[in-house]
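**Q** One structure is given below, represented as C-alpha cells, and several questions about it will come after.
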Amino acid sequence: MCGILFELSQADNSTTSSTSDDLVKDVTRRGPDSLESVELVVGSLRLKFTSSVLSLRGTAVVPQPIFSKSNRTEKQDDAPEYVLCWNGEAWRFNGQEFGSDENDAQVIFAQLSSCSGKVQDVLQKIEGPFAFVFYDGSSKRVWFGRDWLGRRSLLRRKSVDDDGNFAICSIADPQATSQWEEIEADGFYYIDLQTYTSPWHPHRFAFVPDSELSTEPLSMKLPIPQLCKHIPPTNPPALNPQSSPVSRLYDLLYDSLRLRVQNVPRHSIPLVPGHEGILRPSKVGILFSGGVDCTMLARIVHDILPTGEPIELLNVAFENKRVLEAAFAEAKKARKSKNVSTQVNGETGLGPSALEDVSAKGSIDSVYDICPDRQTGRKSWLELQSVCSTRDWRFREINVPYEEVVEHKSAVIALLHPHDTEMDLSIGLAFYFASRPLETDSPRILLSGLGADELFGGYARHGTAFNRAGYPGLIDELELDLTRLGKRNLGRDDRIIANWGREARFPFLDERLLQEVISWPVTEKCGFGAVQSGEEWSTLDNEKQVLRLLAWKLGMKRVAGEKKRAIQFGARTAKMEAARGGKVKGTQKISVVPG
C-alpha cells in the first residue's frame with residue numbers, strides 16, 4: 001500500500017504548486033515507512049512524483065518512487081528515464097506467483113522499463129489490486145490508472161482557470177476537495193508530453209469484453225468473462241453441503257486467502273518490547289461484524305496460518321443517540337402496555353426490559369452492547385473459539401462515542417470525496433473507526449468480506465428482483481451490482497482505511513475466484529426458486545446460500561444462519577443526526593454541519 005501524488009506544471013513556474021501541504025501529510029499517512037519525491041523537466045513541463053510506502057512485501061522497505069537512469073550513451077542530463085509510483089499488491093504476474101522474498105513494485109518496474117513502450121501489455125498481466133503513475137521516458141508519456149475493478153483509489157485534480165497544471169493523487173486535497181474527481185476504472189490512460197496542451201485530453205486503452213476486442217483498436221481484454229446468464233429450469237434442486245460448488249468455493253477462498261495472509265514480512269509487523277507469547281502481535285486483522293462473509297474468512301484463515309499466529313477480529317459499535325432515544329421511548333411505552341416484544345423499532349434487537357436495564361445502569365459499555373454487530377460479533381467469536389479452539393482469537397471491541405464522531409466527521413468527509421451521500425458517510429465512519437489502530441502493534445493487513453453479496457446474491461433486493469421477474473430479473477440485478485462495485489465502494493473504502501497506514505484486502509474479489517464464480521449458473525450461488533430437501537440446512541436463507549452451506553460444512557452452523565445486515569445499521573452509524581434534522585435518506589448529500 002502506498003500514497004501516490006503526481007504533479008505536472010509549467011517548468012518556468014516552479015514556485016507554484018497545485019496542491020497543499022495538507023495533501024502531502026495525508027499521502028504520508030497512507031505510507032508511514034517512506035516518503036520521497038523525484039522531479040524532472042521534460043521540454044517545457046515540470047513533473048514531480050511523490051510516494052509514501054506501507055511496506056508489506058519483500059525483505060525490506062523499498063522506497064518509492066522507483067526510478068532508473070537511461071542506458072543511452074549520447075549526451076544527456078541526469079534526469080530519470082523511468083519513474084514509477086505504485087500502490088498495489090500484485091499477487092501474480094503473467095500467471096506466476098511472486099516469491100516470498102520478492103517486492104512486487106520492483107518486479108513491475110523492471111517489466112515496465114523494458115517493455116519498449118508496450119505498457120498496457122505489462123499491466124494486463126498483473127493479478128491483484130493496484131493504482132499507479134508511470135513515466136516512460138522512451139516515449140515521453142505519463143501512464144496512470146487503476147486495475148479493472150478499481151480496488152485502489154486514484155483521483156485527478158481538474159484544471160483551475162486553465163492554468164495548465166494538474167495533479168493525480170490517491171486522495172483529494174482536503175483544502176480543495178471540489179477540484180478533484182475519481183479516475184474511472186475503465187482502462188489505462190496516458191498523456192503524451194510531446195503534444196500536451198491544456199486542458200488535458202488523455203488517451204485510453206479501454207477494458208472491453210473479449211467479443212469487442214476486434215472492434216476497439218485501443219483496448220484490452222477484461223480478465224473475467226461475462227456473467228453467466230443461463231436461465232435455470234423451474235424448481236431446480238437445491239444445493240446441499242456436499243454440492244460441488246460448496247467444495248469448490250472453499251478451494252477458491254483458500255487460495256485467495258493464502259496469497260493475502262501468508263508471507264507477511266517480519267519488518268512490516270510493528271513490534272513492541274515485551275510483546276511476546278500471549279502479547280504476540282497479529283499479522284492479520286478482520287473487519288468483523290460476525291456475519292457469514294467475514295466469519296468465513298476468519299474460519300478459512302485458521303486453516304492457513306500456523307495455530308500460534310493470533311488473529312484480530314475488529315468489531316466496531318457506535319453510540320447513536322437517535323436510535324437510543326427512540327428505543328428508550330419505545331421501551332417506556334411498551335412497559336406501560338406490558339408489551340414484551342423482542343424487537344424495538346426494528347433497530348436494537350433487544351426487548352424493552354433490556355433497554356430499560358441499559359438506561360438504569362447508565363453504563364457506557366451497555367450503549368454499545370445493544371448494537372446488532374456487537375451482539376452478532378460476540379456470538380460468532382464464541383463459535384470460532386469452539387470450532388477452532390487452538391487459535392488465539394482476539395475480539396477487539398471498538399466503541400465510538402457520539403462526540404468522537406462529531407470530532408472526526410469533517411476528516412471522514414474529505415477522505416470520502418468524491419463520494420458525498422449520507423450512506424457513504426455512514427459506511428465511511430464505520431470503516432474509519434474500525435481500521436483505526438488500537439495499539440502500536442495493531443496488524444497492518446485487514447481482510448474485508450466485500451464482494452460476497454454482489455457475487456452470491458446477498459442483498460434483500462436480490463430476493464425482490466427474483467420475486468418480481470424470476471431468474472432473469474435476479475441475474476440482471478447481480479450483473480448491475482458487479483459492474484458498479486468499483487465505482488460505488490472500492491475507491492472510497494481504500495481512501496478511508498489506508499488513512500491509518502493499513503491495507504484492506506478483499507479475498508472475494510480475487511481474479512481467479514471471480515473468473516470462476518461469475519461463470520456459475522445462478523442456482524449454484526443462491527437458493528431462490530430451488531426445491532428444498534427438508535434437511536436441517538434447508539432452512540438457511542436463499543441469499544448467499546452456497547456460502548452459508550460452506551459455513552455449515554465447516555462446523556459454523558450458527559453463523560450459517562446469520563441474517564444479512566449492512567454495516568451502517570449493524571454498527572449504528574446510519575442516520576446519526578436524523579433526530580436533529582428530520583428524516584435522512586441514504587442518497588441525500590452529506591450535511592456539512594456536524595452535531
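The values are calculated or read from the model by the stated rules, or taken from the named source; none is laboratory data. Keep in mind it's a predicted model, so treat the numbers as computed, not measured. For neighbour counting, all protein chains shown are included, and Cβ atoms are generated from backbone atoms with ideal geometry for every residue, glycine included.
**Q** Tally time: how many residues in the stretch 22-69 are on the phi > 0 side of the Ramachandran plot and out of contact with any Leu (no Cβ under 8 Å at 6 or more places or on another chain)?
**A** Residues meeting the conditions: 1.
**Q** Considering every residue within the stretch 172-179, establish whether at least one is in contact with a Ser or Thr (Cβ under 7 Å, 6 or more places away or on another chain) and buried (at least 21 other Cβ atoms within 10 Å of the Cβ).
**A** Looking for residues that are in contact with a Ser or Thr (Cβ under 7 Å, 6 or more places away or on another chain) and buried (at least 21 other Cβ atoms within 10 Å of the Cβ), one finds at least one in the stretch 172-179, hence yes.
**Q** Could you list, in sequence order, the residues of the stretch 542-553 that are more than 13 Å from ASN240 (Cβ to Cβ) and either touching a strand residue (DSSP E or B) at 6+ places or on another chain (Cβ under 8 Å) or buried (at least 21 other Cβ atoms within 10 Å of the Cβ) (or both)?
**A** GLU543, LYS544, LEU547, ALA551
**Q** Could you check how many residues of the stretch 410-435 are farther than 17 Å from ASP22 by Cβ and out of contact with any Asp or Glu (no Cβ under 7 Å at 6 or more places or on another chain)?
**A** 16
**Q** Suppose the filter is modelled with pLDDT under 70, outside any strand (DSSP E or B) and hydrophobic (A, V, I, L, M, F, W, C); does LEU350 pass it?
**A** yes
**Q** Assess whether LEU227 counts as being modelled with pLDDT of 90 or more, outside the structural domain of VAL42 (by TED's automatic domain parsing) and either under 23 Å from LEU305 (Cβ atoms) or assigned to a strand (DSSP E or B) (or both).
**A** no
**Q** In the stretch 449-472, is there at least one residue being β-branched (Val, Ile, Thr) and buried (at least 20 other Cβ atoms within 10 Å of the Cβ)?
**A** no
**Q** For the list (1) at pLDDT 90 or above; (2) more than 30 Å from GLY99 (Cα to Cα); (3) surrounded by 18 or more Cβ atoms within 10 Å (Cβ to Cβ), I need the number of the one condition that ALA206 fails.
**A** (3)
**Q** Just to confirm my filter: which strands (runs of 3 or more DSSP E) fall fully inside the stretch 26-70 and include at least 3 residues that are over 23 Å from ALA90 (Cβ atoms)?
**A** Fully inside the stretch 26-70 and qualifying: 34-42, 45-53.
**Q** In this structure, does SER178 turn out to be assigned to a loop (DSSP other than H, G, I, E, B) and hydroxyl-bearing (Ser, Thr, Tyr)?
**A** no
**Q** Please give the number of the condition ASP441 fails out of (1) farther than 23 Å from SER289 by Cα; (2) part of a loop (DSSP other than H, G, I, E, B).
**A** Only one criterion in (1) farther than 23 Å from SER289 by Cα; (2) part of a loop (DSSP other than H, G, I, E, B) is unmet by ASP441, namely (1).
**Q** Name the single residue, out of those in the stretch 1-32 being among the acidic types (Asp, Glu) and buried (at least 20 other Cβ atoms within 10 Å of the Cβ), that is farthest from VAL264 (Cα to Cα).
**A** Result: GLU7.
**Q** Residue by residue through the stretch 14-39, note down the ones that are modelled with pLDDT under 90 and closer than 22 Å to GLY137 by Cα.
**A** SER14
For every residue, the table says whether it meets (1) at pLDDT 95 or above; (2) under 15 Å from SER139 (Cα atoms); (3) touching a strand residue (DSSP E or B) at 6+ places or on another chain (Cβ under 7 Å).
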position: THR73; (1), (2), (3): no, no, no
position: GLN76; (1), (2), (3): no, no, no
position: TYR82; (1), (2), (3): yes, yes, yes
position: ASN87; (1), (2), (3): yes, no, yes
position: TRP91; (1), (2), (3): yes, no, yes
position: GLY99; (1), (2), (3): no, no, no
position: PHE109; (1), (2), (3): yes, no, yes
position: SER116; (1), (2), (3): no, yes, no
position: LEU123; (1), (2), (3): yes, no, yes
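**Q** Then there's this: Would you be able to say whether some residue in the stretch 266-278 is among the basic types (Lys, Arg), at pLDDT 95 or above and over 22 Å from the mean Cα position of the chain (by Cα)?
**A** no
Each row is one residue, and each column tells you yes or no for (1) part of a helix (DSSP H, G or I); (2) of a type in the set (Ser, Thr, Tyr); (3) over 30 Å from ILE413 (Cβ atoms).
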residue	(1), (2), (3)
ASP481	yes, no, no
LEU490	yes, no, no
SER533	no, yes, yes
TRP537	yes, no, yes
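**Q** Could you grab me the full set of residues in the stretch 138-154 that are more than 19 Å from LEU416 (Cβ to Cβ) and not aliphatic (A, V, I, L, M)?
**A** SER138, SER139, LYS140, ARG141, TRP143, PHE144, GLY145, ASP147, TRP148
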